[in-house]
Amino acid sequence: MIPQTRTIQDRILLVIKGLVMGAANKVPGVSGGIVAIVAGFYEEFIGSLKKFDTKAFQHLKKLQFSKFFNHVNGGFLGLLFLGMIISYFSISRLLDLALIHYEIQVWGLFFGMILGSAYILLKDFGKWNRSTVAFAVMGLVTGLTLSFIEPAKGNDHLLFVFVCGVIGVTGMTLPGLSGSFLVLLLGNYVLLLVDSVNALFETITSLLRGDFDSAFSSKQVYYLKIITSFSLGSLTGLISLSHLLHYLLKNFKNNTNAILIGFISGSLGVVWPWKETLYRLGVNQEVLLNSGGKPVVSNYVRYLPEIENSTTWWTILCIIVGAIIVVVLEYYGHKKRT
């Protein structure tokens, strides 16, 4: 059920949830949808997105913006997406630095959070049967399979970028399936979630300074086209997937939750802290220029980080802390809802 009114505290908390969800969406292997489940707003999130239907577009066509806003639960979505946008220009940048300097510990924290999320879903699942077990196994196999796929080469064609947006947004709607990791596998992670985001930030700051030449240079225009196509794809995927998920949760809730549990369990392999990883953010990335003058990012490297005993113990502690954070947040969220 969608709340009609929210206190100032609720609104601030919703922006903070958006901050966390935005940061989670950017990290390969971590699903922003898990944040929505743990924080207790997953069903409202999917239900609000599902409201982008023919009735909503009729309101827009008639310029009935107030009715459109109320119909799609605009207050909720607006605050949540505000937090995500702020995150992409602030927290996610700090997260990039943390992954460079404290990589194993950060992956340990995420591993613990995903482990805690799987525990929460299992705890509240109910009775298992042959059907739910089969769907859980399907989700698990899919999640594990994604862990062993090599990244493709990058492609900056706008249609392909649009498809990346449709695929990449799955992490917001499918807990356990990391959209940013899928973008990584498609070869466009750095282009779409690092370079384009940074370029957009530079464009905004240049406009605020009144430097229109820098804001609309050929390089900036190139990245603006990229991020616009990616955003349109994300919006398309978000709305279409929400309709599908709302239908599945309404008519096949147990099987849907079972496959989500499988996805989450399978994604543990992606963020296992001591594994040989497919990439390293900010490091070992060589930028080349093709004949058209457009920047192209080289293939991702595969490396095995050097591990010390002290690092191992800190990472184990991070795993425990991550699991505790998720369980505590779910406890207080459940307490508040009841």
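The values are calculated or read from the model by the stated rules, or taken from the named source; none is laboratory data. Here the structure is a predicted model, which is why all the values come from computation and not from measurement. Glycine gets a Cβ as well: all are built from the backbone with ideal geometry, and neighbour counts include every protein chain shown.
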**OP:** Could you run through the range 248-291 and say how many residues are in a loop (DSSP other than H, G, I, E, B), at pLDDT 70 or above and not β-branched (V, I, T)?
**Re:** 6
Subject >> Residue in the range 120-134 that is within 18 Å of G18 (Cβ to Cβ) and small (G, A, S) present >> reply: no
**OP:** Pick out, from the range 161-246, the helices (runs of 4 or more DSSP H) lying fully within it that include 3 or more residues that are among the aliphatic types (A, V, I, L, M) and without any contact (Cβ under 8 Å) to a residue 12 or more places away in the chain.
**Re:** 196-209
**OP:** Within the range 226-268, track down each residue that is closer than 21 Å to G116 by Cα and among the polar types (S, T, N, Q).
**Re:** N254, N255, T256, N257, S265, S267
**OP:** Determine which single condition S117 fails, assuming it passes every other condition in (1) out of contact with any Asp or Glu (no Cβ under 9 Å at 6 or more places or on another chain); (2) part of a helix (DSSP H, G or I); (3) under 23 Å from A24 (Cβ atoms).
**Re:** (1)
**OP:** Could you figure out which of (1) part of a helix (DSSP H, G or I); (2) within 30 Å of N255 (Cβ to Cβ); (3) of a type outside the set (G, A, S); (4) in contact with a helix residue (DSSP H, G or I) (Cβ under 8 Å, 6 or more places away or on another chain) isn't true of I149?
**Re:** (1)
Subject >> Scope the range 238-259; condition in contact with a Ser or Thr (Cβ under 7 Å, 6 or more places away or on another chain) and of a type in the set (G, A, S); matching residues >> reply: S242, A258
**OP:** Having 1 or more residues that are touching a helix residue (DSSP H, G or I) at 6+ places or on another chain (Cβ under 9 Å) and exposed (fewer than 15 other Cβ atoms within 10 Å of the Cβ) is the bar; report the helices (runs of 4 or more DSSP H) wholly within the range 1-87 that clear it.
**Re:** 8-26, 54-61, 65-71
